[in-house]
Structure formats: structure tokens, C-alpha cells
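Below is one structure, written out as C-alpha cells, with a few remarks after it.
The values are calculated or read from the model by the stated rules, or taken from the named source; none is laboratory data. Keep in mind that what you see is a predicted model, and the values were worked out from it rather than measured. Reconstructed Cβ throughout: ideal geometry from the backbone, glycine too, with neighbour counts over all protein chains shown.
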């Protein structure tokens, strides 16, 4: 058997590998850090005579993202098992970029993300996932077993994307442990084990690492990606009749977000500066995740500067329309121009993202992406209320449409469906990809009008709706 360990650090796994797998013929490792590489070489030297005479050990001081595995492949014997083990970095490419690291993989859109997704949220990938995919791409045709420590989101992504990945995974298992106790890090993690074979897996079995007790299975069922196959509910699965939008992204909260200070038009920014702006032109009420926790939101403590009506829109008009706001933005131009996103580098001054006609809808049905229990809120006010980029929403021009939609989305059937497909251990369980699977027409056909009316009446606004209006909503707003 040949063992390969990428990013082996100071070689801490070597003793365990050789004691647990006495039949190892060759051990290869790749590590970019020169100090760690030197420590590992000393460890191998110290082990010296304790190593089997026939064991071949070769360590490379190289970059795992560009390393040529050809030299290792040439040494493999016919039908020899290959074991790939290790503890790759748990950070993301965005995190390493912020730290100034240059050890990043070449970016490629192999998951075929489109538009803004490809360079924003979905472009932020986990390095461990990238390393695992690279290794399986290299050794996917061999008799391999991969066993890697990683965050649970990596295991989820591997199974979610298994149909587009260019290699076969016959079985996928994940053994969870307490990452806080073991590594002192606050995330869900485990040992991901993937094996080669003639069949293609469609799910992952999850176990407790200490007791080996089964916990659940997640994966694909009838075209639906479920977080728990035993609880999977597909009665309202489909395509949402409305497009879910993510809220505004500005990347500079101390400048762009304002707290109301008593009088209308008087605000305080993140530096404690008191400002006065007109509400409803370039400044709008702002709801954040912490606000979207009740059935209805009509008042907010914060406002946000919205210098554009659409992404890439001209911002120079502010100079004449609102000189005081222009002066304020110009005064903080150094902070706004230093935002790291590539989008900001190629856009007009003071630009934001996640903005369009939909942002100015009078009524919105919104949800926070963060909280484990999904709560949909009817969001509205005297002026259009903006949501930040931790939230998702659908915009409406008519109160009745928004009211029926929020009533349907808060039904038990919706909540059960979301819990069966969302991964509650994720930092953001509810995303656009999750929400757009709710078929509102199917839902509207399954929910009695009485339940909708009772929900509307229980809202803070105590709304009264008619069955005729609900029928019209199903026929006209949710066309077949």
C-alpha cells in the first residue's frame, strides 16, 4: 500500500500511519512550509531504524496546489491500494487572502457558477475541499481510500457536487467529533472517508467517531438534495414562482450603515459621527438578520446609504441631488475605495452590490440566512426597507401578494420541508439555493385557506383576508 499525505505539517501523522498500517510500502508527503518540512525530515530521521527496511519515504517541500503527482504515480504497483490521509487547511480562500497569503489555488469555475455567484459568495471556497478534489482528480482511477479531517461543510459539498465531479466515489462516510474540544475551534467537523469502487454513491452516512453509532444519512433522493434522508419531504419541492434575492452588500458598515438619533433625518455612523440626511432618496431603512425574527417588521433602528438603483449605476448624480451626502461619502472615500472585493475595484465610486429594482419593492417577504429555525417576515414601512446581505427576500408591489406568501411560507409544511433539505450545522443554513426549491403553487394547493387566514389574523397588523382573494392569488400570481 502507498500512503500520500498532502500538507503534512511537521509530520505528526507519520507515526500513527506507520503503526496502524504496517503493510505500507511507500509514504509520500507534500508540505510548502520550509520549517514544517525540516521538522518532518528530522522526525523521519529520528525514527530511523524503527522503520521497515523496505519502506520508501519521500517528502516534497512544494505547493500542493501546483505539485506534479506524476512522479508518485510512476512508482505505484498494479492494483496497489492508495491511502490518502491528512488534515488539510480548514480556512477559505477569502480568509487566506485577507491574511495576505499567496498560497492559493488557481481559481477555476468547475462548478459552473454564473454571473455574480462565480466571484462573490460561491467563489469563496474551502481550501480543504479544493485539496480533496485535486487529489481525487489525480487518483480517482486507482484503488484509493481518502481519509481527511475537515469541516462538515466540506463533506456536504462533496456529496452535493458528486454528480459534476470528474471522478467516482463509491462510498462516502463522515465521522463527527467535537472540534472545540479537540482543536479549540468553533465549527462542526469530522473525518471524511471516501472510497473508490465500481458504483457511484448518492449519499453520505454520518457516524459518531467515538462510539461509531450511526447518526443520519444525507444526500440525493429523487433529484432532491436532503440534509437527512430519513426525514426528507418532497411534497412542495420544485421551483419557486418568484426569484429570491439577497440583500444589499456594501462591505463598509461603519460608513454605509447609520443608527437613527432621535429626530427624523438625524443619524450616527460607526465612528460616532452625527450626520443629517434626507430619508427616501439615497438613505433607506435597513433590516438585518437580528431584525428578521418576527412575523412582521415595520420599524428599524438602522438605515443604509443606497447610492445606486442598480449594480454599476452612476453615483456622480449624488453630488447635485444631495450635496451633504456627497460630502460625507467623499470624506470617507479612503475607506470605501480600500474595500477588497474585485467588484469594487471596477465600479463607480461608493458602489454597492445586491441592488436593483427589486430592492425598492414596497413589500418584502424576508428571512435571515443565519438562524436554525426559519422565520419569514413581512417587511414594509413608509419607505422601502432594505435588507442586508445576510438576508434573502422576495419583493412585492401589493400587500395582499406579500401577505399570502408570508402566510404560506410560515406553515408547518414549509418549515418541515426546509429542515429536511437545509444543513443546520452550516453557518448559513438558509440560502437562495435552498429557498428557491419551495414551489409556492404546490404549497398553496396543499394549505387550507383557514390556516392562511388564521396566520394573517395573528400577525401584528391583524390582517383580514378573503377566500376569493386567496383563490385569485393562486390563479393569477402563481400561474401553472
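Do we find that residue 206 is closer than 25 Å to residue 348 by Cα and either assigned by TED's automatic domain parsing to the domain that holds residue 153 or not in a loop (DSSP other than H, G, I, E, B) (or both) in this structure? No, not satisfied. Restricting attention to segment 307-319 and to residues that are touching a helix residue (DSSP H, G or I) at 6+ places or on another chain (Cβ under 7 Å) and surrounded by 14 or more Cβ atoms within 10 Å (Cβ to Cβ), the residue that is nearest to residue 352 (Cα to Cα) turns out to be 307. Answer yes or no: is there a residue in segment 38-45 that is out of contact with any strand residue (DSSP E or B) (no Cβ under 7 Å at 6 or more places or on another chain), surrounded by 15 or more Cβ atoms within 10 Å (Cβ to Cβ) and assigned to a loop (DSSP other than H, G, I, E, B). Checking segment 38-45: not a single residue is out of contact with any strand residue (DSSP E or B) (no Cβ under 7 Å at 6 or more places or on another chain), surrounded by 15 or more Cβ atoms within 10 Å (Cβ to Cβ) and assigned to a loop (DSSP other than H, G, I, E, B). Based on this model, can you work out whether residue 76 counts as within 26 Å of residue 133 (Cβ to Cβ) and within 37 Å of the chain's Cα centre (by Cα)? No: the conditions fail for residue 76. Condition check for residue 339 on (1) touching a helix residue (DSSP H, G or I) at 6+ places or on another chain (Cβ under 9 Å); (2) free of Cβ contacts under 8 Å to residues at least 60 places away in the same chain: one failure, at (2).
When segment 177-197 is examined, which residues are found to be loosely packed, with under 14 Cβ neighbours inside 10 Å and either out of contact with any helix residue (DSSP H, G or I) (no Cβ under 8 Å at 6 or more places or on another chain) or outside any loop (DSSP other than H, G, I, E, B) (or both)? Listed by number, the residues that qualify are 178, 180, 181, 182, 184, 197. When the residues of segment 215-267 are filtered to those that are on the phi > 0 side of the Ramachandran plot and assigned by TED's automatic domain parsing to the domain that holds residue 282, the one that is nearest to the chain's Cα centre (by Cα) is 251.
Taking the stated definitions as given, is residue 200 free of Cβ contacts under 8 Å to residues at least 40 places away in the same chain, over 23 Å from residue 332 (Cβ atoms), under 28 Å from the mean Cα position of the chain (by Cα) and in a loop (DSSP other than H, G, I, E, B)? Criteria met by residue 200. Looking only at residues that are part of a loop (DSSP other than H, G, I, E, B) and in contact with a helix residue (DSSP H, G or I) (Cβ under 9 Å, 6 or more places away or on another chain) in segment 1-15, which one is nearest to residue 127 (Cα to Cα)? Filtering first and then ranking leaves 7. With a requirement of 2 or more residues that are in contact with a strand residue (DSSP E or B) (Cβ under 8 Å, 6 or more places away or on another chain) and within 30 Å of residue 465 (Cβ to Cβ), the helices (runs of 4 or more DSSP H) lying completely within segment 323-418 that satisfy it span 399-409.
Looking at 18, 76, which is the one that is surrounded by 15 or more Cβ atoms within 10 Å (Cβ to Cβ), outside any strand (DSSP E or B) and modelled with pLDDT under 90? The match here is 18.
Within segment 17-37, being within 18 Å of residue 53 (Cα to Cα) and out of contact with any strand residue (DSSP E or B) (no Cβ under 8 Å at 6 or more places or on another chain) holds for 19, 20, 22, 23. The set of residues in segment 461-480 that are in a loop (DSSP other than H, G, I, E, B) and at pLDDT 90 or above comprises 461, 462, 463, 464, 465, 466. Looking across segment 450-460, just one residue is surrounded by 14 or more Cβ atoms within 10 Å (Cβ to Cβ) and either modelled with pLDDT under 95 or not in a helix (DSSP H, G or I) (or both), and that is 459.
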